[in-house]
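Written out below as structure tokens is the structure these notes cover.
The values are calculated or read from the model by the stated rules, or taken from the named source; none is laboratory data. In this text the structure is predicted, and so the values were computed from the model without any measurement. Quick reminder, even Gly has a Cβ in these numbers, built from the backbone with ideal geometry, and neighbours come from all protein chains shown.
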Amino acid sequence: MGNAVSDQNLQLSYLKTRLNMFLEVLETLDPETAELEDIDRLIQMIDDLEMKYERFKKDWEKSR
């Protein structure tokens with residue numbers, strides 16, 4: 001039971017870290033010089049983050 005709380009905290013920390021990484025990349029991107037590959041990378045980062053969130057959400061629902 002204690003592991004589930006710890007794991008959930010680690011999972012939340014992971015999601016926050018990844019979101020902060022996304023925001024840093026977004027802030028450094030120059031809209032005037034951004035290329036399609038840059039936008040594709042941002043989309044991929046969001047897709048990856050969403051996939052992890054959905055996986056973690058299922059874990060959290062199981063542990064209730």
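Details
- Boolean, D40 is part of a helix (DSSP H, G or I), at negative phi and over 13 Å from the mean Cα position of the chain (by Cα): yes
- Of the residues making up the stretch 24-46, those that are loosely packed, with under 10 Cβ neighbours inside 10 Å and not β-branched (V, I, T) are E27, D30, P31, E32, E35, L36, E37.
- Flag if F56 is at pLDDT below 95, surrounded by 11 or more Cβ atoms within 10 Å (Cβ to Cβ) and on the phi < 0 side of the Ramachandran plot: yes
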